[in-house]
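Q: Here you go, one structure.
The values are calculated or read from the model by the stated rules, or taken from the named source; none is laboratory data. It should be emphasised that the depicted structure is a prediction, and the values quoted were computed from it without experimental measurement. When we count neighbours, we look across all protein chains shown, and the Cβ atoms used for this are built from the backbone with ideal geometry, even at glycine.
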Amino acid sequence: MKYGRRFAVTCRAGAAGIALTAAATHAAAQGTESPSSAHGFEEIIVTATKRAESLQDVPISVAVISGNMINELGLSRFEDLQSTIPNVQIDNSLGAPSIFIRGMGSGASNFSFEQSVGLFVDGVYSGRSRFFTVPLFDVAQVEIVRGPQGALFGRNTNAGAVSITTAKPTDERFISLRGGYEVLYDGYFLEGIASGPLSDTFGVRVAGTVNREGGYLRNHATGKREPVTDTWYLRGTAVWKPSDGFSATLRVEGGKVDQDGGVFQLFNRGTAALADLWFATDPNAEDNLDLNRSVIPLLPEFDDTDTLNGSLTIEIPLGDHTLTSITAAGGVNNLKSVEYTGTSLQIAASTLGENFDQWSQEVRLSSPTGGAFEYILGVLYTRHKLKTLQESEFNNFGPFTGVSTRTYHERDRAISPFLSATWSPIEQLTLIGGLRYTDEVKRGRTSHVASGVIFPTYLPYSYSGRRHEKHFTPSLTVQYKPSRELMLYALYATGTKAGGFLSNDATLQARILAGTNDYEFEEETAKSYEVGVKATLFGGKGLLNVAAFQTDFDDLQVSNFNGDFFITNNAAKARSKGIEADFRANVAEGVTLGLSGAYLDGKFREYPNGPCIDVTPNPDCSALQTQDLGGYRLQRAPKWTGSANLDVRRPIGSDLAFGGTLNVNYKSKYYGGQNLSEYDAEKAFAKINARLAIGASDDRWQVAVVGRNLTNKLTKNWSFPTPAFGGNAHTTSISQPRMITIEAQTRF
């Protein structure tokens, strides 16, 4: 029985050449690693085209991170991934996580938005960005696929896809324990794994984690450390292989992420009268970007998320063909309360909620491999239900003392048949075509009610709508291999994301009456052109991958908060173009170097009704507080990003081994919000992560010290104009500061 062969190889390859995954290597999503390679590296096998193929042979741009590297660099959260991958931004916004690839993403200001970057776990689509809050642990590898993936992955992948392959049961029984203590902010984690066969045909794997992130902000108004985040998560996987070619894999996982305390602080006072009031009444008031806040919330601040997901994957041999069925169901529930001014004035707070359930069924038929013509034919059916809540409470905010409640209900179903075909007319040349048709029906119902004294623009409303959309998303790739060491490719890919309805805008009715807004927003489409080269160098000791791309978006779905209300609409046209390059080499025995970098030019080509640039005075800002942003740079799109990784593995005598990993990542200046405010902009910065370890040469035990953000660089995570303050007052949350963790692990 060979349940865990590929995962076991993933761990060995990660330990031997971790810089492979740190450099953003080009490949396709959802892969594992095979036990040998003619290139001198452990070969990575990927299945983006739903076939098992070598990374260096697959013509798609993707960053691959092994489960081993995730452990080594202490990457416990999805947003940690951006520290090693160019052209990727994952941040926790005011509402939910927001994901941008190559400067493209939807943001999270409008709660009904589906992301332009799709999340897939073992091939199953997870339909809400809130799923990005679950912990990263016991995974074989994570792949981030760049660019539209409509034909391969389906809808809602206009900017790319994040694909997770979880670890599977192993051939041999083992139990492992891994734990650590974060010494600066009193955090800890404990992970346990039990895996192995129960019979010749049946194997199981159970993995669980308990984690606490200590509060790194000092709230001087309360004397507390904030936010303190407690997480527990459990995953069980069972694999049954009664005969050759047949397998059934059941995965069930779920857990809780509970955050106590807040994250926002006022970092720019400006000329706001309310900010002056705060400074006059709070001796701890300050507007520096630091690890201090002085906040007495109107309502207790928290952010609690529960998730539960499961899938059953069955593979059945039909002669030379393979029939694959993936049945999945799951959901996420979230409730949070946030004090978004970052002050102790106790004038306002918001309670946000989300309840989401989904179900999907995919069936596909794969032809045999090795011939001149191969194909995969399949169909995917999904449905979901979504409920969201935003309740804003005002307390003696001038004349305003009341509550504004916005609720949204949505039902969605989509069916998408697809075909992928590969033809090799000659040995060196391969043509790959893909086509997916999507038929989607979405129903939405939004309402707003208010009590007490509320802003005059907070008018009550109730709207409902139905959208029925049909889309074709083709792709075409030409691949040429003049030699075993060189592969060239050119591709055309498309993507689409359905339109929808505004969900949580208190001023929607006022702006509809003024003729400046609609209840619905339109579908978003993308098309991309990419050329690339993958080369093996130095007799197999080095790899170099380079890709140049251009992606055009039509009707890009955007939503931005301008300090008074949300502007949610479709930006007419946007373009993202640039170059990505990745290099890795075995520079000496046990020493691997990885370098990756990207240049990105992302701009709005047309955006006549965008939010006003936050400058005073702004002669281009209309009386309706909109501005033509054509020619302006996209948000969260740094021009330059890069990562350097050095990995050292050396024996110490016959029984011990030393390991060291150094990671440096860089980003040039970028804008944190779509109003392109210089206050919300993040200047160029570099962060350093490192790990030193010593352990048994047979991996039975190990102790390590892991440092993240060693230079203690403080950067803004999510920034916006402080609600209702005006006067260029701005609020932000910051990313984690320096973290030092002592770890130990054992396996028996």
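Q: What are the pairs, 6+ residues apart or on separate chains, where a residue within segment 428-457 that is on the phi > 0 side of the Ramachandran plot has its Cβ under 9 Å from a residue that is among the aromatic types (F, W, Y) and surrounded by 15 or more Cβ atoms within 10 Å (Cβ to Cβ)?
A: Every condition considered, the pairs that remain are G452/F394; G452/F400.
Q: Mind checking which residues of segment 363-381 are surrounded by fewer than 16 Cβ atoms within 10 Å (Cβ to Cβ), over 15 Å from R436 (Cβ atoms) and either aromatic (F, W, Y) or modelled with pLDDT under 95 (or both)?
A: Selection gives P368, T369, G370, G371, A372, F373.
Q: Same structure again: Scan segment 433-455 and give yes if some residue there is closer than 22 Å to R364 by Cα, polar (S, T, N, Q) and assigned to a strand (DSSP E or B), otherwise no.
A: So far as segment 433-455 goes, yes, one or more of its residues are closer than 22 Å to R364 by Cα, polar (S, T, N, Q) and assigned to a strand (DSSP E or B).
Q: May I ask you to say which residue of Y492, Y519 is without any contact (Cβ under 8 Å) to a residue 40 or more places away in the chain and either in contact with a Phe, Trp or Tyr (Cβ under 9 Å, 6 or more places away or on another chain) or more than 28 Å from R413 (Cα to Cα) (or both)?
A: Details: Y519 fails: without any contact (Cβ under 8 Å) to a residue 40 or more places away in the chain.
Matching residue, one of Y492, Y519: Y492.
Q: Considering each of G319, G310, G398 in turn, give the residue that is within 30 Å of L277 (Cα to Cα), surrounded by fewer than 21 Cβ atoms within 10 Å (Cβ to Cβ) and out of contact with any Leu (no Cβ under 7 Å at 6 or more places or on another chain).
A: On the way: G319 fails: within 30 Å of L277 (Cα to Cα); G310 fails: within 30 Å of L277 (Cα to Cα).
None of the others qualify; the one that does is G398.
Q: Restricting attention to segment 215-228, which residues are within 23 Å of the chain's Cα centre (by Cα) and free of Cβ contacts under 8 Å to residues at least 40 places away in the same chain?
A: Selection gives V228 alone.
Q: For segment 572-589, how many residues meet the condition of being surrounded by fewer than 16 Cβ atoms within 10 Å (Cβ to Cβ) and not acidic (D, E)?
A: Step one: filter segment 572-589 for residues surrounded by fewer than 16 Cβ atoms within 10 Å (Cβ to Cβ), giving 579, 587-589.
Right, trim to not acidic (D, E) and you get 579, 587-588.
Final tally of qualifying residues: 3.
Q: For segment 117-213, which fully contained strands (runs of 3 or more DSSP E) count at least 1 residues that are in contact (Cβ under 8 Å) with a residue 40 or more places away in the chain and within 17 Å of A63 (Cα to Cα)? Spell out the reasoning first.
A: Details: elements: 117-121, 124-126, 139-146, 160-166, 174-182, 187-197, 202-213.
Output list reads 117-121, 139-146, 160-166.
Q: For I70, are the conditions met, namely being farther than 22 Å from K669 by Cα, hydrophobic (A, V, I, L, M, F, W, C) and at pLDDT 80 or above? Steps first, please.
A: Working: farther than 22 Å from K669 by Cα: yes; hydrophobic (A, V, I, L, M, F, W, C): yes; at pLDDT 80 or above: yes.
Considered against the rule, which asks whether it is farther than 22 Å from K669 by Cα, hydrophobic (A, V, I, L, M, F, W, C) and at pLDDT 80 or above, I70 comes out as yes.
Q: So, one more: Assess whether A704 counts as being surrounded by 21 or more Cβ atoms within 10 Å (Cβ to Cβ), more than 27 Å from the chain's Cα centre (by Cα) and of a type outside the set (S, T, N, Q). Spell out how you get there, then give the answer.
A: Values: surrounded by 21 or more Cβ atoms within 10 Å (Cβ to Cβ): yes; more than 27 Å from the chain's Cα centre (by Cα): yes; of a type outside the set (S, T, N, Q): yes.
Against the criterion (surrounded by 21 or more Cβ atoms within 10 Å (Cβ to Cβ), more than 27 Å from the chain's Cα centre (by Cα) and of a type outside the set (S, T, N, Q)), A704 qualifies.
Q: Within segment 466-511, how many residues are crowded, with 17+ Cβ neighbours inside 10 Å and within 23 Å of N570 (Cα to Cα)?
A: 23
Q: Any residue in segment 272-291 that is buried (at least 20 other Cβ atoms within 10 Å of the Cβ), closer than 28 Å to S420 by Cα and touching a residue at least 12 places away in the same chain (Cβ under 8 Å)?
A: no
Q: Next up: Can you pull out every residue in segment 90-120 that is at pLDDT below 85 and touching a Pro at 6+ places or on another chain (Cβ under 9 Å)?
A: I90, D91, A108, Q115, listed by residue number.
Q: So, of the residues in segment 471-519 that are under 30 Å from T388 (Cβ atoms), charged (D, E, K, R) and not in a loop (DSSP other than H, G, I, E, B), which turns out to be nearest to the chain's Cα centre (by Cα)? I'd like the intermediate steps shown before the answer.
A: Here is the first cut: in segment 471-519, the ones under 30 Å from T388 (Cβ atoms) are 471, 473, 494-519.
Filter again for charged (D, E, K, R), leaving 497, 505, 511, 518.
Now restrict to residues that are not in a loop (DSSP other than H, G, I, E, B): 497, 511.
Details: K497: 17, R511: 33 Å.
In this case the residue turns out to be K497.
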